[in-house]
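For reference, the structure discussed in these notes is given below.
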């Protein structure tokens, strides 16, 4: 047994070492920076929690203390869930499938994998934060708060880890089917975004219902429900248990919480193990073969047979193919669904009066609506071959002039980006009494921005192509690269929108010479000229970009297909 | 003699190592050509160079009389390729993909649609017309790749391991279709590890090992009455037969 455990440990260590060896030195540098930032953030949160903890007075501890503890737990859960989302497709360090044939204790492997999943960066970074909170509570609650707090935190981490491990296993089974996987990748981020907005909604509802709307009134409104919620929701048990120690009311709650959390953790682990084992033993029917058993259907004329007016036959086919492929990518669908969810949230907050009603803040709504789609989609517009990487070799084999690929890619993304701009502007019209001039200007600038992003994006896509995951917005095995890329894309997008912003500013704060000579229409002149110049720039650079693509397509192919999923 | 594929000193180097080394091929029109070699011999790299997916480090090639470097688009109009990796538009369905490919080769839309229907039916993909390519099995993707390579009736078909992951029924269909194409005058350039298939289909073969061409000519010239696998092993192993066996199973006793 001992030598088998040693072999597993050696295997695990070799795998970690190999993954580190593959990392570029710049990756280590970024990791170091991220680690330092994480440590700083953790220390900052630690000091904040120390301050908040020291504010809590023992005799007035309820409900402020319980609310504080609940907040800490929810914050930890949020970061944990976010980490879980990022790690969703990470395979276990020791893959069950590969060792199923060996005479090794499967529960031992399962436990090793679970322990590894538990010791993430969040676990480390939460230690200073927790210490700060407990240090802040110490003057009122005594030294006993430290062992109680750490024991509670450990129990909670194990419980959360066990259930998230089980959930990850379940999701992994679901994601065996490509369509289910895509649905999960699409819905999960939306779910998390909604969850992130939930506290704001709750606080808004509470503040609306609390008489007087002061913080004291708000607390007294929440108070009757707080204990019941803490008792009913297992993830709030640590807060409830620690609160019982601090207030010395119902002290039995503390050991009961600890025992309950460990029992729940064991149940989660047991269920996780059984699910994993059943999955790998083939108990769950695989849906991968579903494609081959469907009844035969009559073929309808596909979307790629459509003709687009004013475009050549091959460009039409390219646009149809690219548009269909692009619009089916789960992340694009998520980006399209998100504004609807976010729009509902904004509408709710707007009607509940959360945003105030000042005309000056409303006047900026169309600007935000204009820019948001471009910031969101810049990642795709700057990497037009990365989203459907495996098709690039198919494109290489086709006998079409390469500039047509760029043109078709740009046209294919236009209905999505410009459609979103239109949708946002329509919503902003509904929300605020926006003048017609601003709407007209926004549409004009949307076209300018689209042409500018396409012009720059074409060259960036050729010079810096990178493969995106087929189901999500990330490059397989290159998380740090994606972080840098995200920053760079956002920075470049910010630079590219400056001319459009200037045009909006000119409209809002008109210089006298424009209105003097051309009346109100003079305010549109800068935007109109800018759009014309950008259109000429796009048209003139397109053949050059096509030539560059022809020259670099072998290199792009190597970069995109270098390593597969 | 007019060759459909002709290369002179075609070389591809990665990190200073020649993966394909001074390759000189001469393939006549209408030939069913088997390009054989062990794993890592340089077969796929050769196909990638001849089809314009990767650029050669040195050397030249002519496909259907066109220079590979200067007339790449003209060549691509006349060839069909089934690459080693299945590089397809994964977010499209098979009919969408084939119609798209057909139109890209300049087929009128109705012709592209008709050929798509026929190819899908013949290749047994008609039970998956609404399925995204993403969900296809390896064999289905291989068959779809072949459909895409054939939709424009090419003069040369480059096939990199077309029978890999394909079941016996589909394999039979593919062989029939390839035979039909050859009878119409197409040249078929095929790599395969399944030597029985090569023996049954190919008229000419060449053998590449560690990037170098060891043999090129008619199949009979290589086999000389022996089985193809024996001739292949003799050539690749330089006549040496490896002494194999495991000590605990009694080898060497």
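The values are calculated or read from the model by the stated rules, or taken from the named source; none is laboratory data. No experiment lies behind these values; they were computed from the predicted model shown. Cβ coordinates were reconstructed from backbone atoms using ideal geometry, including for glycine residues, and neighbour counts include every protein chain displayed.
Structure values in brief
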{"item": "Residue satisfying all of: in region B:41-61; away from chain A (no Cβ under 14 Å) and more than 15 Å from the chain's Cα centre (by Cα); surrounded by the most Cβ atoms within 10 Å (Cβ to Cβ) among these", "result": "B:61"}
{"item": "In region B:108-132, residue farthest from residue B:189 (Cα to Cα) [restricted to those that are surrounded by 18 or more Cβ atoms within 10 Å (Cβ to Cβ) and more than 9 Å from chain A (Cβ to nearest Cβ)]", "result": "B:125"}
{"item": "Filter pass, residue B:81 being in a strand (DSSP E or B) and either within 8 Å of chain A (Cβ to nearest Cβ) or over 30 Å from residue B:28 (Cβ atoms) (or both)", "result": "yes"}
{"item": "Selected residue (criterion: modelled with the lowest pLDDT) from residues of region B:84-101 that are facing chain A (nearest Cβ under 8 Å) and assigned to a loop (DSSP other than H, G, I, E, B)", "result": "B:86"}
{"item": "Residue A:286, sole failed condition from (1) farther than 16 Å from residue B:130 by Cα; (2) crowded, with 16+ Cβ neighbours inside 10 Å; (3) at pLDDT below 90; (4) within 14 Å of another protein chain (Cβ to nearest Cβ)", "result": "(2)"}
{"item": "Selected residue (only one of B:195, B:201, B:159, B:178 is away from every other protein chain (no Cβ under 12 Å), under 16 Å from the mean Cα position of the chain (by Cα), under 30 Å from residue B:234 (Cα atoms) and crowded, with 22+ Cβ neighbours inside 10 Å)", "result": "B:159"}
{"item": "Test for residue B:9: is it more than 14 Å from chain A (Cβ to nearest Cβ) and crowded, with 23+ Cβ neighbours inside 10 Å", "result": "no"}
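Residue-wise test of (1) modelled with pLDDT of 90 or more; (2) within 14 Å of another protein chain (Cβ to nearest Cβ).
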{"position": "A:140", "(1), (2)": "no, no"}
{"position": "A:145", "(1), (2)": "no, no"}
{"position": "A:155", "(1), (2)": "yes, no"}
{"position": "A:160", "(1), (2)": "no, no"}
{"position": "A:164", "(1), (2)": "no, no"}
{"position": "A:170", "(1), (2)": "no, no"}
{"position": "A:176", "(1), (2)": "no, yes"}
{"position": "A:179", "(1), (2)": "no, yes"}
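This table checks each residue for (1) modelled with pLDDT of 90 or more; (2) surrounded by 21 or more Cβ atoms within 10 Å (Cβ to Cβ); (3) at the interface with another protein chain (Cβ under 7 Å from one of its Cβ atoms).
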| site | (1), (2), (3) |
| --- | --- |
| A:290 | no, no, no |
| A:294 | no, no, yes |
| A:324 | yes, yes, yes |
| A:330 | no, yes, no |
